[in-house]
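Notes to accompany the following structure.
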Amino acid sequence: MNRPVFACCLLGHVALAMSLGACAGETRTVMPHPELSPGARANLELARVQQIALHDYGVLNPDEFAGVAPDPGRRLIYVGTRAGSLLALSMETGAVEWEQQFPGAISSVPKLSPDGELMLLGTDNGDLLAIELDTRKTRWSYATLGTIRNEPLIRENTVFVVNSRDQVFALELNTGAWRWQYEQPYPTEFTVHGHAGLAYLEGEGVVTQTIESPADASGIAAEVMPGEAGEPAEGGETGDGDIEPAEAVKSEPAPSGSPAASEPAKSGSAGAPVEPVKSGEGGAAPASGAAEAGPSTPPAGTIFTGFSNGKVAAIGAQSGEPLWLASAAPPAGGDFVDSDGTPLILTDRGELVVTGQSTGVYGLALADGLERWYRPLRGAGTVVAGPRGLMIVASALEGVFALEHGGRVRWRQQLNPGFVQTPLVVGDIAFVAHSDDGLLAYDVETGEYLASLNTGSGISGPPVYDGELRRFYTMSNRGMLVVFRTVEDDGRGFVRGAAESVPSAR
């Protein structure tokens, strides 16, 4: 009988190369360096590896998209599988405390209510379930027409959730009663796997996701320069596809005049097209006034999300009224125009950072959705905030990027082809899950390749970090749960308080 073989090697500062024979169907050992250097354990220690989902030998390339939800109060972690199982595992031992079966695959991240009494769980059947954690009974369920893979958002006794059919729902937390619904027309063209999650603008003085101001912003263009070609900024992609050197980018205006900007904005301003909301659009009451007449900042309690047709919407959380619409799709339309990245709110700059699969990364004004800056980047996913004013974004086509404000590239690392998850930033390290290559780690500041975790079957689900217990959780595509512990190290950013750099779950 084959046994799992674990091998760790030093790549840069820290690397973990693992071969899980039970997952991949055969035992493979990868050892670029025969002996383990102490530096390889400077930041992460392997705590536990265990099989969660049963093998499905009829599937050539299986995937597990579910993520882990820690419950420190009960000392449990919750994780679902494509087979429809929801498991509660002991944090200390990994023992299965309880398990429930559901008719649809679970490819989402469970969400606990603020009081810890309920778990909100989305399924591929389109159901949103509210499960009482003490009794394990389903208090209520709400059926939708599309899969639910994004984590629900809970604010002020309301649950907000988006599905794969471009529908946003607001439900009462305790009863599941419908409050409002907003949707965009679902496109008939080909779309990319995945859907944008929801970002929420908190009340005045409350930061949802912000990045620190860069030390020198003197070269950032304050306004869009209409008519200028969308050329990459210095430090961007080169023609031969090589990895960019980790050098500081000179202070120059970021590129403007993006593909989307070439279409005249309906509001009369240059930049990403912004559309006045029409009466009855999206099944909600009309917004008060066109986009150009909006306030300096949108009201607190605004939800932002993207859609498969490339639209980005600002929606009133209380009413469901659309406040403005922008487009991250190319003017000519076509296939794969999705805006699948969960918007990043930069309240200190009054900006919303969004992405278009066929265009790139946009900085939009929170107030009206007008374009402030643009970075060409095919296949861009969700942009997340990093330390010292940096933003991290991964593309299955072009690699991992660190962007400065204004879209300037700090560094880039190429990836192999495959599906990539939203980066997870902890301290000074960015972790990226890859459907074939497993878990990859990069230094946020320099782009240095720090580590790799090869599970033998890749990772498609999101890596999760529990800041309270200082542990990482990730699932391999063959159902293996891998748990790491962090080790305090001032030099690599794993120190107490480093979890504050992690973007808030939404």
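The values are calculated or read from the model by the stated rules, or taken from the named source; none is laboratory data. Computed from a predicted structure; not experimentally measured. Heads up, the Cβs are rebuilt from the backbone with ideal geometry, glycines too, and the neighbour counts pull from every protein chain shown. Each accessible area value is taken on the protein alone, full model and side chains, heavy atoms only, with ligands, DNA and RNA left out. Shrake-Rupley method; radii C 1.70, N 1.55, O 1.52, S 1.80 Å.
Let's see how each residue does on (1) open to solvent by less than 20 Å² (accessible area, probe 1.4 Å); (2) over 21 Å from G301 (Cβ atoms); (3) touching a Pro at 6+ places or on another chain (Cβ under 6 Å):
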{"site": "D127", "(1), (2), (3)": "no, yes, no"}
{"site": "L133", "(1), (2), (3)": "yes, yes, no"}
{"site": "R136", "(1), (2), (3)": "no, yes, no"}
{"site": "V161", "(1), (2), (3)": "yes, no, yes"}
{"site": "L171", "(1), (2), (3)": "yes, no, no"}
{"site": "W178", "(1), (2), (3)": "no, no, no"}
{"site": "Q181", "(1), (2), (3)": "no, no, no"}
Would you check if there is a residue in region 277-296 being at pLDDT 50 or above, part of a loop (DSSP other than H, G, I, E, B) and open to solvent by 10 Å² or more (accessible area, probe 1.4 Å)?
yes
Expected single match for surrounded by fewer than 17 Cβ atoms within 10 Å (Cβ to Cβ), modelled with pLDDT under 70 and not small (G, A, S) among T191, T210 is T210
Based on this model, can you work out whether A365 counts as without any contact (Cβ under 8 Å) to a residue 24 or more places away in the chain, more than 30 Å from E172 (Cβ to Cβ) and surrounded by fewer than 23 Cβ atoms within 10 Å (Cβ to Cβ)?
no
Condition set of a type in the set (S, T, N, Q) and in a loop (DSSP other than H, G, I, E, B), scope region 400-419, selection most open to solvent (accessible area, probe 1.4 Å): answer is N416
Taking region 420-469, which residues are open to solvent by 30 Å² or more (accessible area, probe 1.4 Å), over 18 Å from the mean Cα position of the chain (by Cα) and under 22 Å from R388 (Cα atoms)?
E445, T446, E448, Y449
In the set G491, G497, G456, which member is more than 27 Å from T355 (Cβ to Cβ), modelled with pLDDT under 85 and either in contact with a strand residue (DSSP E or B) (Cβ under 6 Å, 6 or more places away or on another chain) or of a type in the set (V, I, T) (or both)?
G456
In this structure, is L397 in a loop (DSSP other than H, G, I, E, B) and open to solvent by 20 Å² or more (accessible area, probe 1.4 Å)?
yes
Looking at region 95-112, which of its residues are buried (at least 18 other Cβ atoms within 10 Å of the Cβ) and of a type in the set (G, A, S)?
A105, S107, S108
Name every residue in region 322-347 that is over 17 Å from V162 (Cβ atoms), over 21 Å from the mean Cα position of the chain (by Cα) and of a type outside the set (A, V, I, L, M, F, W, C), in order of residue number.
P330, P331, G333, G334, D335
Please verify whether region 303-324 includes one or more residues that are closer than 27 Å to A402 by Cβ and open to solvent by 10 Å² or more (accessible area, probe 1.4 Å).
no
Go through the residues of region 439-447 one by one and say whether even a single one is in contact with a Leu (Cβ under 8 Å, 6 or more places away or on another chain), within 21 Å of Y78 (Cα to Cα) and modelled with pLDDT of 85 or more.
yes
Within region 374-391, track down each residue that is over 17 Å from the mean Cα position of the chain (by Cα), of a type in the set (D, E, K, R) and surrounded by fewer than 24 Cβ atoms within 10 Å (Cβ to Cβ).
R388
Could you check region 82-102 and list, in sequence order, the residues that are touching a residue at least 12 places away in the same chain (Cβ under 8 Å) and part of a loop (DSSP other than H, G, I, E, B)?
R82, A83, G84, M91, E92, G94, F102
